[in-house]
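Undergrad: Starting off with a structure, shown below.
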Amino acid sequence: MEKVKISSGKLRGIRMLADKEGKFRMLATDQRGSLRRMLGGVMGKDSGEIGFKDLATFKKSVIKILSPYSSATLTDPIYGYPYAAKYLPRNVGLLLATEQTGAELGGKSGKERKSRLQPGWDISKTKRAGANAVKLLIYYRGDASPEVVQYQKDTILKIGEGCEEYDLPYVLEIVSYPFKEDEDKDNPTFAKRKPEIVMDYTRQFSKPEYKVNILKIEFPANLKYCKEFSNGEFDGKKREPTYNLSEVKEYCKELANISSVPWVILSAGVDIKEFLVNVKLATENGASGFLGGRAIWQDAAKYYPDVEKMEEWLSTSGGIISTNFMRHLRMLLLILTIRVLKVLLI
């Protein structure tokens, strides 16, 4: 692999995100819109009725209980960090999200997405807050309308320049989405296109001009449509397979070949069983770890607003799940190296 140039400041920040073996075992708690919907469903309320205090309270509990198991914790600067900062262990890295929740719809279909930056927040504030890295979430389809594609690229470039200025590592999270008439989040057409969609954006945004240091990407297939799991292994629903396990492994290997920066897997809200398989397959075939959220802690939400019961679940049932999850992944990641350490300091 070609060596990547990186500043000493960025390198130090990246090392703060990894564990002592140099592996990424990162916890995500930056959800806002999806968390509102989750808590609203539990409380029998519209998501718009879920207030500031609800989000801050939930995030504080998750960070307090689970961040000690992670090598780094990602949260947002509005609801998460101000109320949970004192619960972050000294040896756990911190990433702060820079995007606003949701997206502006546009493009020819009216369903294409433009990401929005968090109002009143910039990278200088991320630096002053003591974060070790900046995270930007971008919704992306390379086959969207040209103006939407360019808007997303410009946003990525803007944050890249800011991270360069303030010498902070840049973690770019990319999420695809269905927008064509024959696509849906859970249909064979979108599942079949998923590998190429993920490879396309990985190839694009690992280019040096975007100044990205770590890619947080989707697993390059939907395992529910993989032959070996399509009988309802994860959710009880049988599906017509669109690929097999050997092909899925090759997709992961191809990602490792085309990315010039380390990549980690996001959880995309799947359950813990499916996410474990995703991470196992990915890390065995080129990924440098994971940055997962809902898959790890989403079941705690069913106890909200009873914080005591929620924290009991996180500390016992949820804690057992999370501890075993982390231990399992530590074993998987022992054979890997953090590829970004093979760099030339500038």
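The values are calculated or read from the model by the stated rules, or taken from the named source; none is laboratory data. Quick caveat, the model's predicted, so the values are computed rather than measured. Don't worry about glycine lacking a Cβ; one is built from the backbone with ideal geometry, like all the others, and counts go over all protein chains shown.
Undergrad: Is it the case that the stretch 164-174 has a residue that's in contact with a strand residue (DSSP E or B) (Cβ under 9 Å, 6 or more places away or on another chain), part of a loop (DSSP other than H, G, I, E, B) and touching a residue at least 60 places away in the same chain (Cβ under 8 Å)?
TA: Yes: the stretch 164-174 contains one or more residues that are in contact with a strand residue (DSSP E or B) (Cβ under 9 Å, 6 or more places away or on another chain), part of a loop (DSSP other than H, G, I, E, B) and touching a residue at least 60 places away in the same chain (Cβ under 8 Å).
Undergrad: List pairs: first in the stretch 246-263 and within 17 Å of Glu228 (Cα to Cα) and among the hydroxyl-bearing types (Ser, Thr, Tyr), second part of a helix (DSSP H, G or I) and modelled with pLDDT of 95 or more, Cβ under 8 Å, 6+ apart or cross-chain?
TA: Tyr251/Pro195; Tyr251/Val198; Tyr251/Met199
Undergrad: Now, a different point. Can you tell me which residue in the stretch 141-163 is farthest from Ser288 (Cα to Cα), limited to those that are hydroxyl-bearing (Ser, Thr, Tyr) and assigned to a helix (DSSP H, G or I)?
TA: Restricting to residues being hydroxyl-bearing (Ser, Thr, Tyr) and assigned to a helix (DSSP H, G or I), the top hit is Tyr151.
Undergrad: Please indicate, with yes or no, whether at least one residue in the stretch 79-93 is surrounded by fewer than 17 Cβ atoms within 10 Å (Cβ to Cβ), at pLDDT below 95 and over 26 Å from Glu312 (Cα atoms).
TA: no
Undergrad: Same structure, new question: Any residue that is more than 14 Å from the chain's Cα centre (by Cα), more than 28 Å from Tyr170 (Cα to Cα) and either assigned to a loop (DSSP other than H, G, I, E, B) or of a type outside the set (D, E, K, R) (or both) - is there at least one of those in the stretch 255-263?
TA: There is no residue in the stretch 255-263 that is more than 14 Å from the chain's Cα centre (by Cα), more than 28 Å from Tyr170 (Cα to Cα) and either assigned to a loop (DSSP other than H, G, I, E, B) or of a type outside the set (D, E, K, R) (or both).
Undergrad: Within the stretch 264-297, which residues are part of a strand (DSSP E or B) and among the aliphatic types (A, V, I, L, M)?
TA: Matches in the stretch 264-297: Val264, Ile265, Leu291.
Undergrad: Give the stretch 28-55 a look and list any residue that's of a type outside the set (Ser, Thr, Tyr), more than 20 Å from the chain's Cα centre (by Cα), surrounded by fewer than 19 Cβ atoms within 10 Å (Cβ to Cβ) and part of a helix (DSSP H, G or I), or say none.
TA: Residues satisfying the conditions are Gly40, Gly41, Val42, Met43, Gly48, Glu49, Phe52, Lys53.
Undergrad: In addition: Looking at the stretch 152-166 only, could you name the residues that are surrounded by 20 or more Cβ atoms within 10 Å (Cβ to Cβ) and either within 30 Å of Lys108 (Cα to Cα) or over 21 Å from the mean Cα position of the chain (by Cα) (or both)?
TA: Correct list: Gln152, Ile156, Ile159, Gly160.
Undergrad: Of the residues that make up the stretch 283-298, is at least one in contact with a helix residue (DSSP H, G or I) (Cβ under 9 Å, 6 or more places away or on another chain), more than 21 Å from Glu173 (Cβ to Cβ) and at pLDDT below 95?
TA: yes
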